[in-house]
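Notes follow once the structure below has been shown.
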Amino acid sequence: MTTLIAPDTISIPKNAHTAVSGQDRRAAQRSAFSELREQAHQRTLMVIAVAVGIASVTVAASAAVLVGLAA
């Protein structure tokens, strides 16, 4: 009778890039400051996304009003 043992999934890279770069090892060693920087970056992206959304709706509404007045 043969017993099969599953390999340890933690030691197996998920893809070739992870195997070469060691990305999983670096992610486990991130400092608290890098986490804070990442949160600040994400917050900045969210604020920019909201501002761009508001600006695009404003421009679209202005264009609709101008087209309505021109007709």
(message) Pull out all pairs, ordered by first then second residue, where Cβ-Cβ is under 6 Å, the residues are six or more apart or on different chains, the first lies in region 52-71 and is surrounded by 10 or more Cβ atoms within 10 Å (Cβ to Cβ), and the second is among the basic types (Lys, Arg).
(response) none
(message) Going residue by residue through region 31-40, is there one that turns out to be outside any helix (DSSP H, G or I), at pLDDT below 95 and surrounded by 10 or more Cβ atoms within 10 Å (Cβ to Cβ)?
(response) no
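The values are calculated or read from the model by the stated rules, or taken from the named source; none is laboratory data. What you are looking at is a predicted structure, and each value in this text was computed from that prediction instead of being measured. Glycine also receives a Cβ, built like all others from the backbone with ideal geometry; neighbour counts cover every protein chain displayed.
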